[in-house]
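Below is one structure; the comments refer to it alone.
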Amino acid sequence: MCSVVFSYVTRYGYMIHNRGNLLAAVMKTPVRVLRLPRGPDGSSRGFDPSSARYQALCPSTISASDPVDCVDLKSEQRARSVLRERYLRSLISMVKRDVKFTMYEKVKVDAVFQASDIDILNFQVADLETPLGVQKEALIRCPDVISYSFEIDSSKM
Amino acid sequence: MAMRQTPLTCSGHTRPVVDLAFSGITPYGYFLISACKDGKPMLRQGDTGDWIGTFLGHKGAVWGATLNKEATKAATAAADFTAKVWDAVTGDEILSLAHKHIVKSVNFTQDSNYLLTGGHDKVLRIYDLGKPEAEPQEISGHTSAIKKALWCNNDKQILSAADDKTVCLWDRSSMEVVKTLPFDTSVSSMEYIPDGEVLVISYGKTVAFYNALSLELIKTVDAPASVYSASLHPEKDFFVVGGDDFKLYKYDYNTKEELESYKGHFGPVHCVRPDGELYASGSEDGTLRLWQTAVGKTYGLWKCVLPEELVSENSDALYSTVPEMKA
């Protein structure tokens, strides 16, 4: 093991002679850290529903409801579940169908819907018709979509 | 043994971080929200910097962000001409409040029932969050864009800083201006410390402290570079300053002495917030960094190492810290 000999004046004005002398009580040692802060996971927007805080506070954060009446809360939850299931089924029925998207900036495009991500943030589509041509595979950002429509009766597979 | 500060870098934002706010202490710890020009404000655990979630919905740079005391609600001000109120537990957007121009500042009252907004349309607005469809109360008077608007004096008054180089104190019930502070140059940051009623204002290279009720000057301190943000520690022992020399400074509030300075960011430091055991800074470089108030103390992700643990032939033990502090 070679011992590197170097000396320079750090911003604290200390001279570092060699590794053996590093612990000679003149060097300021950096504070140790257990780990780095966790960053975004890239695939979702976070707010983990299994976290202790979410579990404890979530019922009271349903904004539309007045959390005074427990019965009202239950019926509202039921209604939300029905709506959610209906929406998810609508997404399933949309697979491989032609969908017309109306988006911001006066954009209207047609595409064949393939799939959605878990947070309904992106739609995977095929044969996206754009002014520049047909894009075989594309991702559409859901926040950019104002509305979309498709027909259930006819389908182009 | 003297310890060197190891800042914790919180990555995630892709554009400059322009505003930061802490919540109060809740049973689940405390939280930090960051406003960023990438339009995606983030919520983090206050003591570790761990990402909790991203508030998605804004279509422009987010200029201001705040949390209510209990960290159950968040509010953001953006360049898409809206201020939004969010559920800070689920991340859902609760309200979108349309404005006539870029919104720069948002602030909740102590009871979280009212939201104060201010921005480029020069008008202060008070929204009753219990009646979101109702028109907000409007306070006009500033002659150019409002940079920051804060509730003060138990939510009975409002402080506003604008590009017209004034800071104004308004009475909430009469909606009239009570006092005006003129400046020679635009105010870069303004913060209100309820405990002790202190107002911290930065402009040019100066940090000035005022009595928040009378707007009388208490003292000024000059920094080595232009100050973007200054913030006073809750117990008034020290204040932190971030500026366009990419550095963070920590000053003793009583003696005005510069205690520490840190290079760590790769861009001007846009905002600083102290919160007891740590302070946070956000920079043009897109990162947030958390800094310890008492360097070397075990807190959050920082671990106090006893002298015996350091005496070791194995240099790995010594250099187990984050190399990013150099990068």
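Laboratory data are not the source of any read-out in this text; all were calculated from the coordinates shown. In this text, all values refer to a predicted model and were calculated from it rather than measured experimentally. All Cβ positions, glycine included, derive from the backbone under ideal geometry; neighbour counts span all protein chains shown.
Taking the Cα centre of the range B:150-253 as origin, sum charge times position over the Cβ atoms of Lys and Arg (+1) and Asp and Glu (-1), and report the length of that vector in debye to the nearest 20.
Values: 9 positive and 16 negative charges, 10 e Å.
Dipole magnitude for the range B:150-253 comes out near 40 debye.
Order by neighbour count: B:VAL295, B:VAL241, fewest other Cβ atoms within 10 Å first, most last.
So the residues, fewest neighbours to most, are B:VAL295, B:VAL241.
Which order do the peptides B:162-171, A:132-141, B:116-125 come out in when sorted by mean C-beta neighbours inside 10 angstrom, highest first? Numbers along the way, then the final one.
Numbers: B:162-171: 19.9, A:132-141: 12.2, B:116-125: 23.1.
Highest mean packing first, the order is B:116-125, B:162-171, A:132-141.
For the range B:197-237, state which GluC sites (Glu not before Pro) are in a DSSP loop and have at most 13 other beta carbons lying within 10 Å of their beta carbon. Mind dumping the intermediate values first?
On the way: sites: B:GLU197, B:GLU216, B:GLU235; in loops: B:GLU197, B:GLU216, B:GLU235.
Sparse-neighbourhood loop GluC sites (Glu not before Pro): B:GLU216, B:GLU235.
With 10 angstrom as the radius, rank B:LEU301, B:LEU32, B:LEU215, A:LEU83 by how many other C-beta atoms surround their C-beta, starting from the fewest. Numbers along the way, then the final one.
Values: B:LEU301 22, B:LEU32 28, B:LEU215 17, A:LEU83 10.
Fewest to most other Cβ atoms nearby, the residues stand as A:LEU83, B:LEU215, B:LEU301, B:LEU32.
Rounded to the nearest 20 Debye, what is the dipole magnitude of the range B:223-283 about its Cα centre when Lys and Arg each give +1 and Asp and Glu each give -1 at the C-beta? Mind showing how you got there, number by number?
Working: 6 positive and 10 negative charges, 37 e Å.
It works out to roughly 180 debye.
May I ask which residue of B:ALA35, B:PHE55, B:GLY119 lies farthest towards the positive end of the charge dipole of the range B:1-127, with charges of +1 (Lys, Arg) and -1 (Asp, Glu) on Cβ and the Cα centre as origin?
B:GLY119
Please compute the average number of Cβ atoms from other chains found within 10 Å of each residue's Cβ in peptide B:50-59.
Details: counts 5, 6, 8, 8, 5, 3, 6, 2, 1, 3.
If you average over the peptide's residues, the count of other-chain Cβ atoms is 5.
Please identify the trypsin sites (Lys or Arg not before Pro) of the range B:132-162 that satisfy two criteria: DSSP loop assignment and at most 15 other Cβ atoms within 10 Å. Which are they? Numbers along the way, then the final one.
Details: sites: B:LYS147, B:LYS148, B:LYS156; in loops: B:LYS156.
Filter output for the range B:132-162: B:LYS156.
Ranking request for peptides A:42-55, B:247-260, B:87-100: highest mean number of other beta-carbon atoms within 10 Å first, then the rest in descending order. Kindly include the intermediate steps, with their values, before the conclusion.
Working: A:42-55: 13.9, B:247-260: 16.1, B:87-100: 18.2.
The most tightly packed comes first, giving B:87-100, B:247-260, A:42-55.
From the helices alone, meaning DSSP H stretches of at least four residues, give me the mean residue ellipticity at 222 nm for chain B, per-run term -39500 (n - 2.57), in deg cm²/dmol to the nearest 500. It would help to have the intermediate numbers written out before the result.
On the way: 2 runs with 8 residues, N = 327.
Per the formula, -500 deg cm²/dmol.
What does the structure give for A:42-53 when I average, per residue, the other chain Cβ atoms found within 10 Å of the residue Cβ?
Going residue by residue through A:42-53 and averaging, the value is 5.
Within 10 Å, Cβ to Cβ, of B:SER96, how many net charges do the neighbouring residues add up to if Lys/Arg are +1 and Asp/Glu are -1?
Values: positive: B:LYS84; negative: B:ASP80, B:GLU93.
Within the 10 Å Cβ shell, the charges total -1.
Between beta-carbons, use under 10 Å as the cut-off and find the net charge around B:GLY267, counting Lys and Arg +1, Asp and Glu -1. Don't skip to the end; give the middle numbers.
On the way: positive: none; negative: B:ASP244, B:GLU284, B:ASP285.
Result for the neighbourhood of B:GLY267: -3.
Give the residue list of chymotrypsin sites (Phe, Trp or Tyr not before Pro) in the range A:89-157 that are DSSP loop and have at most 11 other beta-carbon atoms within 10 angstrom.
Loop-located and lightly packed - A:TYR104.
Among B:GLY242, B:GLY196, B:GLY267, which one shows the highest mean-square fluctuation when chain B is modelled as a Gaussian network with alpha-carbon springs under 10 Å?
Its mean-square fluctuation being the largest, the pick is B:GLY196.
Report the charge-dipole magnitude of chain B in Debye, nearest 20, computed about the Cα centre from +1 at each Lys and Arg Cβ and -1 at each Asp and Glu Cβ.
Values: 32 positive and 43 negative charges, 121 e Å.
The dipole of chain B has a size of about 580 debye.
Which of B:SER23, B:SER173, B:SER105 moves the most in a Gaussian network model of chain B with Cα springs under 10 Å?
Answer for the Gaussian network model of chain B: B:SER173.
Other chains' Cβ within 10 Å of B:2-9 residues: what's the mean?
Values: counts 7, 5, 8, 3, 5, 2, 5, 3.
Other-chain Cβ atoms within 10 Å of each residue's Cβ, averaged: 5.
Collect residues whose amide H, placed 1.01 Å from N in the peptide plane, falls under 5 Å from the amide H of B:SER229; neighbours closer than 5 in sequence don't count.
Answer set, sorted by chain and number: B:GLY242.
Relative contact order for the range A:78-121: what is it in percent, counting Cα pairs under 8 Å that are at least 6 residues apart?
Details: 31 pairs, mean separation 14.0, N = 44.
Contact order relative to length: 32 percent.
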